[in-house]
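S.K.: Can you keep this structure in mind? I'll have questions shortly.
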Amino acid sequence: QLNLSGITDAPLAFCYGPDREDIIIVDTLFNWTIENTTSSIDRSLARLGYGFDQHYKRNFTKAEKHYSALLQEDSYFSPVAGLYLARCKKAQDKTAEADSILEQVRAKYPGYGSAVAELKESWKKDTPNIN
C-alpha cells in the first residue's frame, strides 16, 4: 500500500537515518502523500505509518499529531491509531490521557474491546506494585 502511494524503500530511503540531515526527504514524501493522494485509504495508511515511524523515534508530538488526526476520521485504521495514540501518551507517563483514549476507542469501536483490555492489562504488569 505504501509503495502504491509513492512511498518506497529506494532510492531515497538510504538517506534516512538518525545521524543524517536528509531526514527531511522522507518527511516530505510522507507529507506529500498525506496531503495530495486522492485515495482516503492511502492517506490514512500513510498517516498511520508516519505516526508509527515518529513514535518509534520517540518524536511523540509528531506521532500524536498523525494518530489524533486519524482517530478523528472514520477510517479503517482509526481504532489502530487510537491504540497507538494511547501508547504514546503512556510512554510520556500521561496515564490518565492514555486511559481516556482507550475508553474512546472501546466506545466507538466495540470490536476492539479485547485489544483495549489487553493493552491495559499489559500496562498493569509494567507498573511496579507498591503494596
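S.K.: For region 81-115, give me each residue that is open to solvent by less than 40 Å² (accessible area, probe 1.4 Å) and of a type in the set (A, V, I, L, M). Spell out the reasoning first.
M.R.: So in region 81-115, the residues open to solvent by less than 40 Å² (accessible area, probe 1.4 Å) come out as 81-83, 85-86, 88-89, 98, 101-102, 105, 109, 113, 115.
Of everything in region 81-115, those that are open to solvent by less than 40 Å² (accessible area, probe 1.4 Å) and of a type in the set (A, V, I, L, M) turn out to be A81, L83, L85, A86, A98, I101, L102, V105, A115.
S.K.: Given region 1-76, what helices (runs of 4 or more DSSP H) lie entirely inside it while holding 3 or more residues that are modelled with pLDDT under 55 and among the acidic types (D, E)?
M.R.: Working: elements: 23-36, 40-56, 60-72.
Counting at least 3 such residues, we get no helices (runs of 4 or more DSSP H) at all.
S.K.: Does A63 meet the test of being over 24 Å from K125 (Cα atoms), among the aliphatic types (A, V, I, L, M) and buried (at least 17 other Cβ atoms within 10 Å of the Cβ)?
M.R.: Values: over 24 Å from K125 (Cα atoms): yes; among the aliphatic types (A, V, I, L, M): yes; buried (at least 17 other Cβ atoms within 10 Å of the Cβ): yes.
The answer is yes for A63.
The values are calculated or read from the model by the stated rules, or taken from the named source; none is laboratory data. Predicted model only: the values in this text are computed from it and were never measured. Every residue, glycine among them, receives a Cβ derived from its backbone with ideal geometry; neighbour counts consider all protein chains shown. The protein model used for the area step is the full one, side chains on, heavy atoms only, and it has no ligands, DNA or RNA in it. Shrake-Rupley method; radii C 1.70, N 1.55, O 1.52, S 1.80 Å.
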